[in-house]
Amino acid sequence: MKSDALIKPPPLKAGETVAVIAPSSPFDQEAMLRGVRRIEGWGFKIQYREDIFSRKRYLAGSDERRFEELSQVLHDPEVKAIFVARGGYGSQRLLPMLDSIEPPPQIKIILGYSDLSSLLIYARQRWRWVTFHGPVVAKDIGDRMASAGENSLLQALQDPRPLGKISPESACCLHPGEAVGPLVGGCLSLVTCSMGTPYRLQTEGSILYLEDVGEILYSLDRMLTHLRLAGVFSGVRGIVFGTLKDAHDEPEVIQAMLQDVLGDLQVPILFGFPSGHVDDSLTIPLGLKVRLNATDGWVEFIEGALAEA
C-alpha cells in the first residue's frame with residue numbers, strides 16, 4: 001500500500017459545485033435542505049436531483065436510481081466535490097455496478113462516513129483516490145455540526161497543507177507506542193462486511209481507523225474477532241478507534257473489551273478519535289501517511305491531502 005501512488009483532488013474553491021447524492025438510506029428532507037443552505041453559505045454551488053428524496057423500503061430509491069445518480073456526478077466535469085445526504089445502508093449494493101463503468105476521468109472530493117465507507121474504500125483501492133471521512137449533509141451539516149466540525153471540514157477540503165497533529169481531549173491510550181503508515185478504514189460494520197468479497201479492505205502496513213455507532217459490546221467483540229480471524233490485523237502498524245458510541249454507558253468497559261480482544265497485537269492503539277458517529281465530527285483524509293502516537297494521544301497528518309496548484 002503506497003500512499004505516494006494516490007491521486008489527490010484539487011482544493012474546493014468558492015463558487016465551485018458540490019453535488020449532494022443519496023446512495024444509501026432515505027433521510028429527513030428538511031434536515032437535508034438545512035444542510036444545503038449551510039453549504040451554500042460557505043460560498044459553494046449545490047446540485048442535487050429531484051429524485052434524491054425517493055424511498056424504497058430502507059433505501060433512497062432503487063439500486064438503479066442511486067447508481068445512476070452516483071455515476072452522473074462522478075462524470076460531471078462541473079462537480080468538484082460529492083457530499084452525501086446520509087448513511088444508513090445501501091452503498092455496498094452499488095459496488096458491482098461501479099465495476100461496469102470506466103473510472104471517472106477527473107478525481108473529485110468524496111466526503112462521508114458510516115455506510116459510505118464502502119464507497120470511500122472502493123474509490124481509494126480501485127481508482128487510487130484520496131477520500132475524506134467526515135460529516136453527511138442531513139444529520140450532521142444540517143443539524144449537529146458546530147464550529148469545530150465546520151472548521152475541520154473546510155480546512156480538510158480547501159487547504160492543501162497537511163492537517164498536522166490532532167490531539168483530541170477524548171483520546172486515550174489502549175496500548176502505547178508510535179507508528180507511521182497510511183490511514184485506512186472507516187465504519188467497523190462495513191469493513192467487516194467487506195471480508196470475503198472483491199472489495200475487502202486492504203490493511204497491510206497501515207494505521208487502521210475503525211468507528212461505529214449503536215453496536216452493543218458483544219457485537220463489537222464479534223466483528224473485531226471476525227476481522228482478526230480473517231487476518232485483517234496482520235501487518236497493521238497501529239489502530240485508531242473512534243468513540244464507538246452507544247456500545248456501553250462507561251467508556252472504560254469498551255476500552256477493556258478492546259484491550260482483551262486486540263491488546264496482544266503489540267501495536268499502538270488509540271481510542272476515542274472523534275471522526276464519524278459523533279456530534280461534531282472531524283474531517284480526515286484516508287489513504288495518506290500519518291504518524292500515530294498512542295502513548296501521548298495524537299495522530300499527525302504529515303502529508304497534504306489536496307493537490308498543490
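All of the numbers you see were taken from the coordinates with simple rules; none came from a lab. It should be emphasised that the depicted structure is a prediction, and the values quoted were computed from it without experimental measurement. Counting neighbours? That spans all protein chains shown, and the Cβs are built from the backbone with ideal geometry, glycine included.
Numbers at a glance
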item	result
Alpha-carbon centroid distance for the pair region 147-190 / region 263-309, whole angstrom	3
Cross-link partners of K45 among lysines (Cα-Cα below 23 Å; sequence separation of 8 or more within a chain)	K8, K13, K80, K108, K139
Rounded FRET efficiency, nearest 0.05, which uses the C-beta distance separating E50 from R291 and R0 of 41 Å	0.35
Sparse-neighbourhood loop sites, trypsin sites (Lys or Arg not before Pro) in region 28-107 - DSSP loop, at most 15 other Cβ within 10 angstrom	R55, R57
On Cα atoms only, tilt of 29-41 relative to the major axis of the chain in degrees	90
Relative exposure of Y89, Y122, Y209, judged by other C-beta atoms within 10 Å (fewest first)	Y89, Y122, Y209
Residues H226, H133 arranged by fewest to most Cβ contacts within 10 Å	H226, H133
Sorted by Cβ neighbour density within 10 Å, fewest at the top, the residues V20, V290, V278, V261	V261, V278, V20, V290
Shape call, region 1-91: gyration tensor on alpha carbons, a/c limit 1.5	oblate
Gyration tensor verdict on region 155-270 (Cα atoms; rounded if a/c is under 1.5, prolate if a/b is larger than b/c, oblate otherwise)	rounded
Computed E for A148/E16 - FRET, C-beta separation, R0 30 angstrom, nearest 0.05	0.80
Rg followed by Dmax, in Å, when region 1-157 is reduced to its Cα trace	14.5, 42
From phi via Karplus (6.51, -1.76, 1.60), per-residue ³J(HN,Hα) for region 114-126 in Hz, x at Gly/Pro	6, 4, 6, 3, 4, 6, 5, 5, 4, 4, 6, 7, 9
GluC sites (Glu not before Pro) within region 221-309: DSSP coil, no more than 12 neighbouring Cβ in 10 Å	E308
0 to 90° range, to nearest 10: angle between helix 147-158 axis and the chain longest Cα axis	70
Stretchable slack from D76 to A256, in nm (0.36 nm times residue separation minus alpha-carbon distance)	60.0 nm
Convex hull volume per residue in cubic angstrom - Cα atoms of the chain	120
